[in-house]
1. Output the number of the condition that residue 374 fails; it satisfies all remaining conditions of (1) of a type in the set (A, V, I, L, M, F, W, C); (2) open to solvent by less than 10 Å² (accessible area, probe 1.4 Å); (3) assigned to a helix (DSSP H, G or I); (4) touching a Phe, Trp or Tyr at 6+ places or on another chain (Cβ under 6 Å).
2. Filter segment 120-154 down to residues that are of a type in the set (Gly, Ala, Ser) and under 25 Å from residue 328 (Cα atoms) and give me whichever is surrounded by the most Cβ atoms within 10 Å (Cβ to Cβ).
3. Checking the condition modelled with pLDDT of 95 or more, open to solvent by 10 Å² or more (accessible area, probe 1.4 Å) and polar (S, T, N, Q), which residue from 162, 86 passes?
4. Do any helices (runs of 4 or more DSSP H) entirely within segment 441-502 hold 2 or more residues that are without any contact (Cβ under 8 Å) to a residue 40 or more places away in the chain, and if so, which?
5. Going residue by residue through segment 112-119, is there one that turns out to be open to solvent by less than 40 Å² (accessible area, probe 1.4 Å), assigned to a loop (DSSP other than H, G, I, E, B) and over 16 Å from residue 390 (Cα atoms)?
6. Among the residues of segment 56-83, count how many are part of a helix (DSSP H, G or I) and open to solvent by less than 50 Å² (accessible area, probe 1.4 Å).
7. Taking segment 197-209 as the region of interest, how many residues are open to solvent by less than 20 Å² (accessible area, probe 1.4 Å) and assigned to a helix (DSSP H, G or I)?
8. Name the residues in segment 316-335 that are farther than 24 Å from residue 183 by Cα, open to solvent by less than 40 Å² (accessible area, probe 1.4 Å) and of a type outside the set (S, T, N, Q), would you?
Amino acid sequence: MSQKQLKEAFISNLNGTSLLEVSAGLSLAPLCLLCRGLLLILYYLHHGKPVSSRKYSLLLDFLVLVSPLLFSCTVLSPILLFIPVTLAAFCAGIFSKIYSQRKREARVPFGQIVKEFQKARLDPECIPAITAFRVCINVMTCIGILAVDFPQYPRRYAKAETYGTGAMDFGVGAFIFGNALVCPEVRQKSHTTQVRLPSLARQVFSVWPLISLGVGRLLSVKSIEYQEHISEYGVHWNFFFTLASVRLAASLLLAIFPKHKAWLVALALAVLYQLLLSTTSLKMFILHGSDGRDSRLGFLDANREGLLSLFGYLAIYLASVQVGLWLLQRRSSVRGWLEALRGLALAVLVLLVLLQLCQVCTEPVSRRLANLSFCTWVLAYCLLFLGSFVLTDLTLVFTKLLVKGSSVPCCWKVVQPPDSREKHGTEAVPVGRQDELPQPCLISAINKNQLLFFLLANVMTGAVNILIDTLHSNAAFTLCILHLYMFFNCLIMYILHARNIVLKFW
């Protein structure tokens, strides 16, 4: 077999992993974010000032937010279930140290702190959990697309061939979910048809970079005979085309149907598509098609997975629009977000029950089909992942109230209560230094140029595979390459962020 065939075989015919292991992997990013926040608050408590050095801030963010994710999906994967427990214990130790030291200095009763926390008002214009969710999905995706080519990356984490719940299977759906959370239909407040039509026209224009990237990937892969797993999307199709098509189709549907009914359109679409899979020969066509997948027999046959899975991805996107609209409802207090957190927990519980019913009554999860089970799984775990970031932010808000003046980048800002504002005749302002410059933050840096970050990761993944024999790399070399790859990508985003450069020209 040629090197290309060996690499294609290496990522083919896989069956995924358990839902428990996927859950454990998803818990790492929120715990790392919590750990980073607690360390920054502890530093402020001891030194009376935040970490101001950009160099040390980048190193801290990379070592705490990115490096653990790299280790957990490679050499530490055999003990993955123990890593969240260890991180949680470490965070609990830091919190205990902060609380005990503040208790000695301030002597404030715990009950009073809890009451102050519940009454605290948060910046309603910012929801850090959405940003953290989207950035962490992007980071984990970029790690996975290169790590999967190394033997240290467990095969069970890679995309399943037909049925299964691989970590990378979830990543595809989560990417769609994250894009929908901040789509123009969610951020646009007006509901009139006169506004919808120009918005639709802008959406048509805004997807041209994705189409261009899809065409560029197609031409480059075919020209250099780069390895490709055809059963993922087909002969010519790729994920960039899926993103563009889903976004266009969703904009069209949301121009016809009310936005607040998006979940009904998503449900109808997912159920009808599953009925077609279960009652017609559509499933057999997607999984088997014609012998040999000869593209001369038709574009649909050659790219059947990519084209027909659009129905499932579109259902996920529309459901995510509904989630985004619900999240952006104005909540300016901790109490309001605690209620929202309970709502998220209830939604996750309902979706997990539906997932079990779908797998029993229809078929197991299949990313290749994007069936009803897959849509339900992605939505349940995305809400679980998103809820964990909300919980992380609220925990950091509570800790910041213990250490007055402390701040954590990409976390909710606590503002003064209304009575305090009225008494002083000023607007609500964040607790802490008023002349303090924004702290450097890797999450904010990646968030500013998310598409560039993803594109740069794809380009570097191709370069590494061309230059290095990934299949026969040892663990030390693999970790070195992966860390250099991610650090270089993060460094580029950090430099652009420091210079306030956003490379968006559409």
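The values are calculated or read from the model by the stated rules, or taken from the named source; none is laboratory data. As the structure is a prediction and not an experimental result, all values here were calculated from the model. Methodologically, a virtual Cβ is constructed for each residue, glycine included, from the backbone with ideal geometry; neighbour enumeration extends over all protein chains shown. Please note that ligands, DNA and RNA were not included when accessible areas were found on the heavy atoms of the full protein model with its side chains. Shrake-Rupley method; radii C 1.70, N 1.55, O 1.52, S 1.80 Å.
1. Against the list (1) of a type in the set (A, V, I, L, M, F, W, C); (2) open to solvent by less than 10 Å² (accessible area, probe 1.4 Å); (3) assigned to a helix (DSSP H, G or I); (4) touching a Phe, Trp or Tyr at 6+ places or on another chain (Cβ under 6 Å), residue 374 comes up short only on (4).
2. Only one residue fits best here, namely 129.
3. 86 is the lone residue from the list that is modelled with pLDDT of 95 or more, open to solvent by 10 Å² or more (accessible area, probe 1.4 Å) and polar (S, T, N, Q).
4. 450-467, 475-498
5. Taking every residue of segment 112-119 in turn, none turns out to be open to solvent by less than 40 Å² (accessible area, probe 1.4 Å), assigned to a loop (DSSP other than H, G, I, E, B) and over 16 Å from residue 390 (Cα atoms).
6. Total satisfying the criteria: 16.
7. 4
8. 334
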